[in-house]
Each structure stands twice: as C-alpha cells, then as structure tokens.
Amino acid sequence: MLRSPALSLSPQSLQRQRSLQEQAYQALRNAILSGELAPGERLVETKLANKLQVSRTPIREAIRLLQHENLATSDLDGVLRVATISIVDAMQLYDCRIALEELSVRGACHHATEMQLQELESMVEQAEKLVNSKPTQLTSFRLLDIDYRFHRLLAQSSGNPWLVSLLDRVFDQMQLLRIQTTKHNPDVLEIRTEHRQIYQPIQQRDEKAAVEAMVAHLKASKARVVQEVEQLQKSVDS
C-alpha cells in the first residue's frame, strides 16, 4: 500500500504493545515505499535506531526482513542500502505485470460488481482532474496512489485472491521503480487516458478489448519507464 509523503521516521510511530522488531520493520518499510528513504540511500543502523529510539537489534532484524522482500540490498562492500531497480529489473517486473494483469481484467470482466465498477470509474475521474491541475510533488504522489488502487481493485474484482497476493509483491517493487523515475520526470506516469481505455471495456464486459487495453497500457508504461531508467543510469555513469 502507498503511504502518505508526510510520514516520517520517529519514535511516535512505534506502539509499544507490538514487538519492536515488527514495528521497526513496518516503519522502515513504510518509509521506503513512501520515498522518505530513497532508492540507493544508505541504511545506517545507528542512525535509524536513534530516529526510532530503539536499540540496533530490532533495526538489524527489520533490515533482514526488508532484504528478504528485495526492498533493501547489500552492495559489494557490505553497505546496506534501499534497493534500486535496474533496467533489467524494470523490464522483468513489467513482463510479470503484463501476464498477471491480463488475468485481472479477464476476471474483472466476469466478476466485477457494480460497486467495484463505480469505484474504478471514480478513480479514473480523480486521475483526470489531477492531471489537469498544477503539477506538484503531492499531485504526483496522488496519481501514484490512484494508479496503485486502480490496478489493485482490478485484481480484487477478478475474484482470485491468489492473483491479488502475487500482484502485491510486484507492486512493492514497482513502487520503488516509480519513486526512482517520477522524481525526475513526473510525466513518465500516464494514466489520464489509458485508465479510461481499460475501464470502459470492463464496464461493458468486453474481455477481448479490456485485455488489449491493459496490455497496451502496460507496454507503453514499460517503454516510458525503461527509457527513464536508462537516462538516470547514464547520468550516474557520467
């Protein structure tokens, strides 16, 4: 799930009735997925422990869990960092999304309820209004949030809980990728017309057209994002 950009690491974010390891893990995970801890940023145990006012042990265990989820990595020198998505990672993640979300729209065409269709239409309209407003960092975040909720609701509408679970793992990695790319180029996220083109055939229960719209949307998004990652990599290398 996307988190508010106002979220910050602080001792107030910890609730003492839960284990410190669990809370530290959730606080760090939220900070990574909100962009507060940026891709490539060092994860210094002492610094994070001081921010959350806990010992280094729950921080260390939390980072291990994040490494297992591929949200944190250790470089060749053993330095812990927030994961950065490579060009190959980006391409493979989109390939997975295309396969999984084709199942989403097929299922949604058959199983989406009227209430779910209304929610999808509302998200499309919200995105269209935001795109026409003044571009800001908050606008970009809201568009990312709408994009996530739109695609997740499609998966839920398919009636296949396993599909939702699989996509959740992909969405976490995609969020890292989005943070990397939209920070430098907010226009890389194009959902103004593409989401409506997906919604309309689902609303009409037209499975073939819905699949074609979803695949076209994700392939176009893949091309934009991969190009942006390539540009970022060139700027780092130079």
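The values are calculated or read from the model by the stated rules, or taken from the named source; none is laboratory data. What you are looking at is a predicted structure, and each value in this text was computed from that prediction instead of being measured. Reconstructed Cβ throughout: ideal geometry from the backbone, glycine too, with neighbour counts over all protein chains shown. All accessible areas refer to the heavy atoms of the entire protein, side chains included, with ligands and DNA or RNA removed. Shrake-Rupley method; radii C 1.70, N 1.55, O 1.52, S 1.80 Å.
Has the stretch 147-160 got any residue that is part of a helix (DSSP H, G or I), of a type in the set (A, V, I, L, M, F, W, C) and closer than 30 Å to Val44 by Cβ?
no
Could you identify the single residue in Ser19, Ser34, Ser4 that is farther than 30 Å from His217 by Cβ and either touching a Phe, Trp or Tyr at 6+ places or on another chain (Cβ under 8 Å) or at pLDDT below 95 (or both)?
On the way: Ser34 fails: farther than 30 Å from His217 by Cβ; Ser4 fails: farther than 30 Å from His217 by Cβ.
The conditions single out Ser19.
Which of the following residues is surrounded by 16 or more Cβ atoms within 10 Å (Cβ to Cβ) and in contact with a Lys or Arg (Cβ under 7 Å, 6 or more places away or on another chain): Val82, Val131?
Numbers: Val82 fails: in contact with a Lys or Arg (Cβ under 7 Å, 6 or more places away or on another chain).
Going through Val82, Val131 in turn, the sole match is Val131.
Please specify each residue of the stretch 27-63 satisfying the condition of being among the β-branched types (Val, Ile, Thr) and either open to solvent by less than 60 Å² (accessible area, probe 1.4 Å) or within 16 Å of the chain's Cα centre (by Cα) (or both). Let's see the steps before the verdict.
Applying the first criterion (among the β-branched types (Val, Ile, Thr)) to the stretch 27-63 yields 32, 44, 46, 54, 57, 59, 63.
Listed by number, the residues that qualify are Ile32, Val44, Val54, Ile59, Ile63.
Please go through the stretch 138-153 and pick out each residue that is in contact (Cβ under 8 Å) with a residue 60 or more places away in the chain, open to solvent by less than 60 Å² (accessible area, probe 1.4 Å) and either closer than 13 Å to Ala112 by Cα or out of contact with any Lys or Arg (no Cβ under 6 Å at 6 or more places or on another chain) (or both).
Phe141, Asp145, Tyr148
Name every residue in the stretch 45-66 that is free of Cβ contacts under 8 Å to residues at least 12 places away in the same chain and closer than 16 Å to Ala31 by Cβ, in order of residue number.
Answer for the stretch 45-66, where residues must be free of Cβ contacts under 8 Å to residues at least 12 places away in the same chain and closer than 16 Å to Ala31 by Cβ: Lys47, Ala49, Asn50.
Using beta carbons and a limit of 8 Å, which pairs, at least six apart or on different chains, have the first residue in the stretch 220-235 and under 21 Å from Glu194 (Cα atoms) and open to solvent by 40 Å² or more (accessible area, probe 1.4 Å) and the second one in a helix (DSSP H, G or I) and among the aromatic types (Phe, Trp, Tyr)?
Listed by first residue and then by second, the contacts come to Lys222/Tyr94.
Go through (1) under 19 Å from Met91 (Cα atoms); (2) open to solvent by 20 Å² or more (accessible area, probe 1.4 Å) and name the single condition Gln175 misses.
In the conditions (1) under 19 Å from Met91 (Cα atoms); (2) open to solvent by 20 Å² or more (accessible area, probe 1.4 Å), Gln175 misses (2) alone.
What residue, among those in the stretch 64-79 that are of a type in the set (Gly, Ala, Ser) and open to solvent by less than 60 Å² (accessible area, probe 1.4 Å), is nearest to Ala209 (Cα to Cα)? Walk me through it before giving the result.
Initial filter on the stretch 64-79 (of a type in the set (Gly, Ala, Ser)): 72, 74, 78.
Narrowing further to those that are open to solvent by less than 60 Å² (accessible area, probe 1.4 Å): 72, 78.
Working: Ala72: 39, Gly78: 49 Å.
Looking at the filtered set, the residue picked out is Ala72.
Among residues belonging to the stretch 86-124 that are in a helix (DSSP H, G or I) and of a type in the set (S, T, N, Q), point out the one that is nearest to Val170 (Cα to Cα). Talk me through it step by step, then tell me what you get.
Step one: list which residues in the stretch 86-124 are in a helix (DSSP H, G or I), which gives 87-111, 114-124.
Of the ones still in play, those that are also of a type in the set (S, T, N, Q) are 92, 104, 116, 118, 122.
Working: Gln92: 10, Ser104: 14, Gln116: 22, Gln118: 25, Ser122: 24 Å.
Residue satisfying both the conditions and the ranking: Gln92.
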